[in-house]
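Worksheet: one structure, shown below.
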Amino acid sequence: MSAPNVPTSHIGTAPRTLKDTLLPALAAAGLGIVLLFGAGFAPMEALHNAAHDSRHSAGFPCH
Amino acid sequence: MFSRIVATGAAAGIVAGLLLTGVQHLQVTEIIRTAETYEVAAEAKPVAAHTHTHTHEQAHEHEHAHEDAHKDGHKDGHKHGGWQPEPGFERTAFTALADVSMAVGYALLLSAVLTLRGKDSNWRQGLLWGAAGYAVFFIAPSLGLPPELPGTQAAPVVARQAWWLCAAGGMAAALALLVWGRHWSLKVLAVVLLAVPHLVGAPQPAVHGGVAPPELARAFIVASALANAAFWLALGALTGHFHHRFNGAR
């Protein structure tokens, strides 16, 4: 990423703006939060039971 | 860019998640199973007493429903109803799935932050990020809400989840301010953010205690602290490595 001449079609050799990294980073972080919510926080009974041991050992509040 | 962040998160998360499942098997899982045997024993007693108080005049249907509910809940020592994985391979497989989901989630957050930082990284810098993640997502919440065994008395789960997020968020903001803050007032703010959730205090149950012996509860805290330390260092190093591989090494 620090290499300025990354051959991408739409960005070319222009220096990256905040928008080029901020939106993808926020989207990826949002996806990460969805995965974490499903594994660690979601109240649904089946999800809780499936992830039970993971939640306990990761220190997520459980039950 | 998005696909590179996701590729980094997925690669690091899958490896670290499976590693976590392996490390949990060394101690953590065994302690949870042992605690559940105490949970079953504790639940069995009041049920027996309760059945004796029933007279034959009471509706049989009600008793049957009651018994069924208990039978279901006691299947593998867990008081929750609904579907649950069978003990053995199925339960381990779902634990692995949950571990990987959690690990990919954390790796995506870390990978997004590395991308926003805009610098190349390697596995050694990744180790530092992993240590920070351990402090934010394990140590800070555990200071108020230590990892709990099944069958431990606790405050309502939503209140504890909210406090957990405040403790983690406070620690994350505090670390960022301590590392990158230039002005002394930012360092003071960092200490305040760090301390406030713990001064307010984690939600506590009306009565403390659990069905498992205190030594087992302590052993569980040590075992999960070690397992999570190994997990976070691996996750950080792997995320740093794959971030370099997918972005910097061209």
Please list, short to long, the whole-number percent of alpha-carbon pairs of region B:110-250 in consecutive 10 angstrom bins beginning at zero.
12, 31, 33, 18, 6, 0
How far, in degrees from 0 to 90, does helix B:157-180 lean away from the longest principal axis of the Cα atoms of chain B, to the nearest 10?
20 degrees
Farthest toward the dipole's positive end in chain B, which of B:Ala107, B:Leu165, B:Phe2, given Cβ charges of +1 (Lys, Arg) and -1 (Asp, Glu) about the Cα centre?
B:Phe2
From DSSP H assignment alone, runs of 4+ in chain B each adding -39500 (n - 2.57), the sum over residues rounded to the nearest 500 puts [θ] at 222 nm at -25500 deg cm²/dmol
Regarding chain B, what's the average projected area of the Cα-atom convex hull, expressed in nm²?
16.9 nm²
Report, to the nearest 10°, how far helix B:2-26 tilts away from the longest principal axis of the Cα atoms in chain B, using its own Cα long axis and a range of 0 to 90°.
50 degrees
Taking chain B, the lysine pairs whose C-alpha atoms sit under 27 Å apart (8 or more places apart or on different chains) add up to 5
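Using the Kirkwood radius over Cα pairs, work out the Stokes-Einstein diffusion coefficient for region A:18-58 at 25 °C and 0.890 mPa s, in µm²/s as a whole number. Don't skip to the answer; put the middle values down first.
Details: Rh = 11.5 Å.
The estimated diffusion coefficient comes to 214 µm²/s.
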Could you go through region B:107-117 in sequence order and give the Karplus-derived ³J(HN,Hα) for each residue, using 6.51 cos²θ - 1.76 cosθ + 1.60 with θ = phi - 60°, rounded to whole Hz, and x for Gly and Pro?
5, 5, 4, 5, 5, 5, 5, 4, 5, 5, 4
If amide H atoms are built 1.01 Å from N in the plane of the peptide, which residues on other chains or at least 5 residues away come under 5 Å of the amide H of B:Gly210?
B:Gln153
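Laboratory data are not the source of any read-out in this text; all were calculated from the coordinates shown. From a predicted model like this one, the values you see are computed outputs, not experimental measurements. Here the Cβ is made from the backbone with ideal geometry for all residues, glycine too, and neighbour counts use every protein chain on show.
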